[in-house]
Structures are given as C-alpha cells and as structure tokens.
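Chemist: Let me begin by handing over the structure; questions about it come next.
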Amino acid sequence: MSVRTTIFGLRPVLKFGLIGLLGLAAGLLFFSKPVLNRLAGLPYQDSFAAGTADEWHALGGTWELADGTMRNESDERGAKLMAGSVHWRDYAVEADIQLLGLDGDAGLLVRSSDEENGVDSYNGYYAGLRTHDNTLVLGRADHGWIENQAILLPGGIRPFHWYHLKLVAVGCEIAASATDTLRNVTIPAAMSEKDCKPNGRIGLRSYSSGGVWRNVRAYQATFADLEALRSKKPSAESADQAKVPASPSSPSTTAESSEAGDSASVSERQTLVAQEIASLRMASTAHPTLAKVRGVVVLTSPALYMQDATGGAAVMEVQAAPLKVGDEIEVTGKPEPRDFSLVLREAKVRLLWTRAPIPPLSVTAAQAATGAFDATFVELDGYLVSKEVGAGNTMILGLQKGEQSFRAIMNPGRGDVLFRKLKTNSLLRFRGICVVDSEYTQNLTPFVLLLRSPDDVAVLTGPPWWSAGHLAAIIAIALILVLAAQLLYSRVEHWRLRAVLEERERLAHEMHDTIAQSFAGIGFQLQAIRNDLQEKNSAALRQLDLASELVRHSHDEARRSIATLRPESLESIGLLPALERSARRMVDGGSVEVVASSRGGERPIPVRTTDALYKIGQEAIANAIRHAQPTSLHILLDYEKDKVRLAIEDNGIGFNAGHDSLGFGLQGMHKRAESISAALDIKSESGQGTHVEVIAPLPPRFTLKVWPAYIWQYFQERRSNAQEWERTHPYSYRR
Amino acid sequence: MLNSLQSTWRKVFRRKSILGLCLIWMWSGSCRRASPPTIAFIPRTSGTPLWEPAHAGAEMAARSTGTKIYWNAPTREDDVQGQITLVESVIDRKYQGLVLAPDQALALITPVRRALSKGTPTVIIGSPLPIPPGGRLSYILNDEEEAGRMAALRVGQLLAGKGSVAILGVNPDIAGIMVRAHSLETTLAERYPGIRIVEKRLGSFNFPHDQQIAEETLRANPNLNAIVALTSASTRGTCSAIAHNPKMQFTKVIGFDEPDPVLLLRESELDSMIVQNSREMGLGAVKTIAAQLRGQSVPPEVRLKPLLITRENLASPQVRQALYMEWWQP
C-alpha cells in the first residue's frame, strides 16, 4: 500500500470526524443560543437620568425624557414604550411610576411581543396602577385584554404621586407588587397560566392617562424572587382607610387653577357661555373681555395649545396645570387675535375629560402656509433640507415641499438618535402643531411644526440614490472591477501558458527518454552491424551508412525539437540568455560566432510575449544556421519605454525576401508575432545576410499617471474593435 | 482492510443519511400542522363597552368554526387614517378574512375594494359602505331604521305623546346615523304628531364640542322635554351639559351607542340607551367568513335589531349577554 493510498484511505475518517465536530459545535451553538439570548442584555438599568433612551421603541403616545424620567404626556389608550429582548424569559422588572391623570392606568409590561399601535395590541403580561378603581391590576393581553387580578391599594392611587411597581415572571407564574412609597404600603398580586407566554420584552404602558417612569430596571429572577413577592402581605390598614372613593369619571375640576389674584370674578367666569375658537378671532382687541372655549389639548410643551372643530389657539395660563395631550379642557381667558393666530391670555383651564389624542388633519405645506391651520394638529410631508441645533438644544429641521419651506422643532432627549440618522433630501412625514407665531418662525418660514415627540417623524423615503458621492463610488468600483478583471484575465492567461509550457516540458522529457534514446540505440546497433559486415559487402555497407546518417539526422532533429520544447531556461535565466544558449547549442562544434547583447532598462516581459519572442528567435536562429551558412550571429534585445525589440542578424548568404520565400517557418513566425500584436520585419538580400526584427508592445507600468491613459486606451481599443466587428459583420445580430 | 472498512462505513453513512432525511421530513411534516385560518377583525375602536362584546362574539364564533381572530383597532373612533392603515396592513398580511366596522363611509371604500380584489372575504358590520354586497362582500348591519323607530317610541312613551324634543349628534360621516335620524323623525311625525322637533344639530366625535352644542340647545330651548343623542359622543356631551345645568334636570336623554352600565346608573337624566348588538355582529361576521371559506353561500346583507337598554332591563339575561365583554371565556 502506497503512502498516497494510505492518506486517501484516511481521508473519509478525517472527513467524518470533522463533520462530527462541526455537528457537535452546531449543536452546542443551537442549544446554547436560547440560553445566551435569555441572558443577553440582563440585567438592565435605564439611563433616563443620563438623558438617553435609544433602546426604547414607542408605539403611540408622546414619550419624552424630562428631568431624568420618561414621560408620556398623552391620554392615548394603550400607549407603549418597549425595550429588551423577545428572548428574555424569567426575569423581574421594576420602576417608580407616577400617573398624570385620572380615569386611566399606567404600569409595566413583561414577556411582550407582537406589539402594534392599538389599545391592547400586544401579547404579554401587564401590571398597572389604575386610578379608576384604585387597584393594582394584573393580567394578560393577546390583542385583547384579559384581566386576572385587581387588588385594591389602601390609600388609593392618586395622580402625581410616586409608586413603586414590580413585576416578576418565572415559569408560568406572574406576580406583581405595588408600593405607595410615601405611606410605605405594599400590595401583591399574582396569577398563573397553564398555557403561558414564556418570553418577551419589557415595556412601559399607559391607558387614558399619561405617566412618568424612572429607575426602570430588569434582571434575572428565580422562583425565590417570585415567592418573595407573592408572600408579601397586604398592608394592615383599616378597612375604612382601604375604602377609597372611586375617581370621578365625570368632568372634574382638578386642573383648575386658583382664582386668587384673578382680575375677573369667579361668577363672571362661570356665567360665560362657551364659544367656538374661530369665533374669538372677532373679539375686540381694544376692550379685551373674557371668553370661554372648549377643546382638546394638542401640545403641552413648549406652550399649551388647544384645538376644537373650528380652529386652534395658544393658551397662556395664569398657573400651569398638569395637562396631557388629548385632555379635553374648558379654557376661560382673554382672547388676543393676531394676524393669523389666536392667544388666550390670563387663562384658567378646567379639565373636562381625559381622552385619546385626536388624529391630525392631513394638509399640504401650501395649505399650512396660508395660516388657516395655526395652532392645529396637522400631518404633512416635506423634504429635509437642513438640520441644526437651536436654543436649549432643540433640534430644528429645515424642510421644503413644493414652493414652500418650513421648519420642524423637536425637543431634545429621545429625538437625538433620530436627528443624527436623518439624511438630507429624505422625504419625511410629520405630525405636529402648525404654528405661525413669529416667535417660532422668526419670519424665516411661513410656519413651523412643533413636534410632540420623535415618534411624530416618519421617514417615507430616503434621499435619492444618485448623489455625487454615490456616482463617484460607482466610478471607483467600476475602475476597481475593470482592474480586477484585467488582473484576473492576465492571471488566467499566465496559468494557461504555464500549463502549455509544462506540457511542452513533459513532452520534451518524454521525447528525450524515448525517441532520442531509441535513435541513439538504433545508431549504435547499426554501427555494430556495420563493424561485423565484411568490406566486400559494399552495397550493404552503403545502405547501413545511409541508415546511420538518417538516424543521426533524425537524432539531431529530435534533439533540436527537444531543445525547442524545453522552456525551463526561459523562466530561470531569461529570454536573451535562453536564446543565446539555444543558438550556441545549435552551432555546437561549428565555427559560427554567437554574440548576444541587450539595451535599455531590463523589465519583466509577460509570459505570453516572452514565449512568442523565444519561438520567433529560435526559428530565426535555426533558419540562419541551417540555410545561411553565417560566420557570426548577433542577438539583440532592446527594451524601450513601451515595447521590446528582438533582432537576430547574421552575415550569411541571405535570401530574396521579396519572392516566394514564405516557408512554413516564416509563416509560423508571422503568426506568433500577430498573436502578441508584434511587428515582424525580415530584411535579407542575397550575399548581404539576414536581419529579423520583431517589436512587441509591453504593458504600461501601473502608476497613477498612466492609469487614466491606460483606461482610455482600453476603451478606445474596445470601441475600435467594436467598429471593426460591425464593419466586418454588417449583418450580425450581435449588436 | 482499510478499503473494505471505508466502503462499509460509506454504505452505513449513506443509509443513515437517507434515514435521517426521512426523519427530518417526517418531523417537519408533523410540525407543519395546518394552522387554522385567521380572520382580521377591525372594529371602529377597541377596549370600549360597545365593541368588546363584538370581540366576545367573534371569539365565540371562532371557537365553533375552527378559526382564529386577529383583533385590533384605532384608539379613537374618528381616527380614519389609523383604521385605513390597519386595513392596509391586514391586506398585506394575507389574512383569510376581514371583518370591518368602518369609521367613515367614504374613506374606507378603497381599502375594502383592495381587500376584495385580493380575494379576501369581507364582512362590514355596523354601518354600511357605499359598495353593493355580493361576491365576497357581505354586510351585517345595525337596523338603523328600527333604531330610530325605537327611539321615537321611547320619546313618545316618555312624553306621553306631547312635548318638544331635540335631535343631537347628526353625523353624516357615519352612514347609518342619517338613516337613524330620518327614521326617528318620520316615526315621531307619524305616531306622535304632538311632539315637536325643535332642534337638530350636527355632532362629532368630540365630547366638549357635543357638550357645547347640547348647552346651546338647552339655552335656546329652556322647556325642552327630551333629547335624542344619536352618537356616543353626543350622549356623553348631553348628559354632561344637563348635569351642569340645574335648571334642566327634567330633560330626559335617550342615548345611542354608549352601552356603559355605569353611565346609565349614574346619570339620572339618561333615560335609556339604544345600542347596536355588536356581539351578534361579531358572531355572525366570523361565521359568515368561515362559511365562505368552506365554499358555502352566505346572505349578502343581514340587519340586526338594536337593543333598548333601560335601568329596568339592565340586569336581564338578554342585555347581560349582549354586553358581555369577557371575550376569552368560552
């Protein structure tokens, strides 16, 4: 058994071993991935205090960072802010929570996935603090709410008061606890499901009430954590304390400001009849009187804006009331009509209802520029022209649509990431409050949009792809591809020629080992026969001499062929020494003087060119030695800037090149010269010797200077080739 | 020796490979159990006493027909664009059926036509769209004429055939409201000529706006005996306006589409509510689509009689079942 066979025999063993190892690695990766995924990102601690919340993703609401907290100042039902991994399984999440309104709830989500905009449009568990019935509520949503627990919190649940909420999910057991941090009262709630949701993200959620969250953290949990939470006993407050009146769902007056110091009497305000906002534009500016309007809050920061079915107005409150977007309010104040806008000064605000924010009016930039939509919640599109940071780190987007330009102003915080990502010339869709007040427009644009949160910006389409940078990149890539193709082509040609040369070498070896040796053997045998023959058998001796001569001649031809086929000298010693050696071998034993010389800076010649020149030179040398009876033979290799010239010159008898002298050898020389785009010139006259010259082009040196010229030449050649093709193939379908 | 071992190994490996492939194929076949068809159900909004019974009805029908429900809606009834976006996403997700309670009659035509062109069986519930039924489109509608008639009869009963009434909340955005108002007016004119309609005002989805209209109506008609509020917003707005006007406590309100028992028990001026039977709509819509998926013919249009809910019948089994919201319960 040979070594080769043994190695091949072992290969399948190695192969199976390798497959086994790979399978094992894949298995380990497969089984460890869920474990890694479950742990990735845990423990988690928010960075609201640092003013960043890039990892959170909003679905509804107006989520903003403020004072180290995350705020949703919207009454939207089911607004969500999600973070974490859908692979998280057994973990706890906890946070401090403050509700911003009555008749709603706010809390935490665990194991959530498939979230969408909508009231209960997620699949996961929710624990929240509900003001409506003062309970800690715990349940499951699967695009529909399934309430499991509603535990009364002694002392009630009040807006603008901090509670600590904790939610633990381990296995199919879910537990929650709510702590009134001021009273130090804690209540637990727990549920279990047979067919539970095993994994999902964390989230913040509010329903019909804004909320504030801080210190959100999530970490791995065990059954011990779950038990610790479940074993918490409700606080031992008296039943009387636990009986908390339900929050009023009818209109409330909690947001009403104090009347102290008010120039208008309370009775005057109460007897006013509510008007439409549009009607206040006719109010007297000379004698401002109180007016009452009802509408919906569309923006709370940087100023309070309200809107009804007829229009919108800015509200300058006497005392800022804790309002949220979507709140339906009654405002009593002094209307101050301006050119395009309306401001209610010295305003008193009364909260009527908390509701989901109203949808925007879809308008065009041209419509918004008329001022008809001042203080109105609108939706419009525009191309991003510029970005800048304004006073107080507000983010200002310069926009253009049609013939109108406008700006969108966004508060700092969660919008930072979006602001960085937005690219000029992108088509964006905005939802915001259209304001024509020069305080915001600075008379640079007809209107500005005050955005409620970064979620009010949607990228419809990115910038056009055909930018100057991309075009430059395309050209660069194309150049690189052309270069790569050229290099590849050269390499392939090189490999092909190498293969040809190797084959020739193999043939030369074969010929040397077989034909040449046989000729030598035959010659030896013939000589032996001749030695044994008697001199009297002269006819046989002549025939033997003739046969010996033929064998010798054939042996010489074989040696010459072997010398021609054997190219190893080309690669090892170079073209000129190889030709010189070949010439010396051919004239070996004769009186022909061989002189080889070179001129110019020696440069590498492509293999293909070298081979062709070598063949042509060999043929020229062979012709000179065989037919011209020269006494000297000159071989000259001249390197020029972009070409190489090979000249073979002898002082033999020459021949008449003009007549029918194109034998098989010369034809071959011409063909070889054509194959490398070289020019072959043969000059000879009887008695004047022969001068064979071949000039072959050399590829340019790849420098930055010659590159453009080279590419230009390449395309010119392509073009001329194409023209030539069309000229020679006028009816070809290959256009 | 080594060659023979190698050959045997190859044979075994080949057999194992074939066996493994068979096992994988069988495993994947067993795991690829045919999932039940999913029907997208998009009410006008969700999480409200009017539409959660529809969810319960839909889930009940889904359990009996072997289908699944995808339930989602805009957070407000007037978020027309939100509902259009939702319908478009449902069409793209290629659900096997669509049940829609349109927020607006005209704006939803194009999305519904697109769903129909994609071959999605569609049932419109509540109020109609101006697309004729047939093919894959069916309607299960609230009988608005009957609703208007019921309101008229209740007003006649309350006022004993004599007095003044105002109709608030007329909203042309919802096709059925106009029919409702027309039926109310014609029935009153035919059955109770002694009852005058003194005001008829447009409504919106905005509570304060409807409250303001109610206040204006009450101011203009200090002796008004009754108000028929044709929408949920006008019902709440009217109740709030009367509650804040001590002089008008005698005015009775007949509301629509606000089946909140708490409201009925709390607001004394609210006499009764007429609500569409959304539970039956959800039940019927899902059954209709399931029948279409089975290739059965379905009625192109069904009209369901609304419910009159009063304090007296609030605890009745019929009303309790109609208002049942626990959709996850079998």
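Every number here is computed from the coordinates shown, using simple stated rules; none is lab data. Just so we're clear, the structure is a prediction, and the values are computed from it rather than from any experiment. Here the Cβ is made from the backbone with ideal geometry for all residues, glycine too, and neighbour counts use every protein chain on show.
Chemist: Rounded to two decimal places and with Rh computed the Kirkwood way over Cα pairs, what is Rg over Rh for region A:431-514?
Modeler: 1.66
Chemist: Just tell me which aspartates and glutamates come within less than 19 Å, Cα to Cα, of residue A:641; anything on the same chain fewer than 8 places away is out.
Modeler: A:602, A:693
Chemist: Ok, one more. Let me have the 222 nm mean residue ellipticity of chain B computed from DSSP H runs of 4+ only, each contributing -39500 (n - 2.57), with the sum over all residues rounded to the nearest 500.
Modeler: After summing the helix terms and dividing by the residues of chain B, the value is -15000 deg cm²/dmol.
Chemist: Tell me the net charge near residue B:104. Cut-off is 9 Å between Cβ atoms, residue B:104 excluded, with +1 for each Lys or Arg and -1 for each Asp or Glu.
Modeler: Combined, the nearby Lys, Arg, Asp and Glu give -3.
Chemist: Same structure, new question: Taking H placed 1.01 Å from N in the peptide plane, check which residues at least 5 places from residue A:390 or on another chain put their amide H under 5 Å from its amide H.
Modeler: The answer is A:395, A:396.
Chemist: Output wanted: per-residue J couplings in Hz (rounded whole) for region A:163-176, from phi through Karplus 6.51 cos²θ - 1.76 cosθ + 1.60, θ = phi - 60°, x for Gly and Pro.
Modeler: Karplus-based 3J(HN,Hα) across region A:163-176 equals 10, 10, 10, 10, 9, 10, 10, 9, x, 9, 10, 10, 9, 9 Hz.
Chemist: Follow-up question, since we're still on this one. Apply the membrane-span-like helix rule to chain A: whole DSSP H runs, Cα extent along the own long axis of at least 27 Å, mean Kyte-Doolittle hydropathy at least -0.5. List the helices found.
Modeler: Span-like helices in chain A: A:3-39, A:468-511, A:538-565.
Chemist: If the cut-off is a Cα-Cα distance under 13 Å, which aspartates and glutamates reach residue A:387, setting aside same-chain residues fewer than 8 apart in sequence?
Modeler: Hits, sequence-local ones excluded: A:416.
Chemist: Could you work out the relative contact order of chain B? I mean the mean sequence separation of Cα pairs under 8 Å and 6+ apart, divided by the number of residues, in percent.
Modeler: Relative contact order here is 21 percent.
Chemist: Only counting other Cβ atoms within 10 Å, I'd like A:447, B:250 sorted with the fewest neighbours first.
Modeler: B:250, A:447
Chemist: In nm, to one decimal, how far is the modelled label at residue A:345 from the one at residue A:394, with both set 7 Å along Cα→Cβ?
Modeler: Using points 7 Å along Cα→Cβ, the separation is 2.1 nm.
Chemist: Pull up all non-local amide H partners of residue B:200: gap of 5 or more, or a different chain, and H-to-H distance under 5 Å with H placed in the peptide plane.
Modeler: B:167
Chemist: Give me the inter-chain shielding for B:69-81: mean count of other chain Cβ atoms within 10 Å, whole number please.
Modeler: What the average comes to for B:69-81 is 6.
Chemist: Expressed in nm to one decimal, what extension gain is obtained for the pair residue A:183 and residue A:161 from 0.36 nm per residue of sequence separation less their Cα-Cα distance?
Modeler: Gain in length upon complete extension: 6.8 nm.
Chemist: Can you sort A:196, A:434 by how many other beta carbons sit within 10 Å, fewest first?
Modeler: Ranked by crowding around the Cβ, least crowded first: A:196, A:434.
Chemist: Then there is this: Percent relative contact order of region B:258-330, based on C-alpha pairs within less than 8 angstrom and at least six residues apart?
Modeler: Rounded, it is 39 percent for region B:258-330.
Chemist: Could you tell me what fraction of 2.2 N^0.38 Å the Cα radius of gyration of the protein assembly as shown comes to, as a two-decimal ratio?
Modeler: In units of the 2.2 N^0.38 Å rule of thumb, it is 1.51.
Chemist: Taking Cα pairs under 8 Å and at least six residues apart, what relative contact order does chain A come out at, in percent?
Modeler: 8
Chemist: Quick one: of A:643/A:683; A:401/A:423; A:324/B:200, which pairs are farther than 25 Å apart, Cα to Cα?
Modeler: A:324/B:200
Chemist: Compare the peptides A:133-140, A:393-400 by average per-residue count of other Cβ atoms within 10 angstrom and give them in order, highest first.
Modeler: A:133-140, A:393-400
Chemist: Continuing with the same structure: Please work out how much length the chain gains when fully extended from residue A:284 to residue A:497, using 0.36 nm per residue of separation minus the C-alpha to C-alpha distance, in nm with one decimal.
Modeler: The residue A:284-residue A:497 span can extend by a further 66.8 nm.
Chemist: Okay, which of region A:634-648 sit inside 20 Å, backbone N to the point 7 Å along the Cα-Cβ direction of residue A:597?
Modeler: It comes to A:634-641, A:644-648, nothing else.
Chemist: Summarise the partner chain shielding of B:208-215 as one whole number: the mean count of Cβ atoms from other chains within 10 Å of each residue's Cβ.
Modeler: The shielding value for this peptide is 6.
Chemist: Please list, in chain and number order, the residues 5+ apart from residue A:85 or on another chain whose amide H is under 5 Å from its amide H, with Hs placed from the backbone.
Modeler: A:202
Chemist: Per residue of region A:388-393, what does 6.51 cos²θ - 1.76 cosθ + 1.60 with θ = phi - 60° give for ³J(HN,Hα)? Whole Hz please, x for Gly and Pro, Karplus curve as stated.
Modeler: Those phi angles translate into 8, 9, x, 4, x, 6 Hz.
Chemist: Taking neighbour counts of Cβ atoms within 10 Å as a proxy for exposure, in what order, fewest first, do A:373, A:715 appear?
Modeler: A:715, A:373
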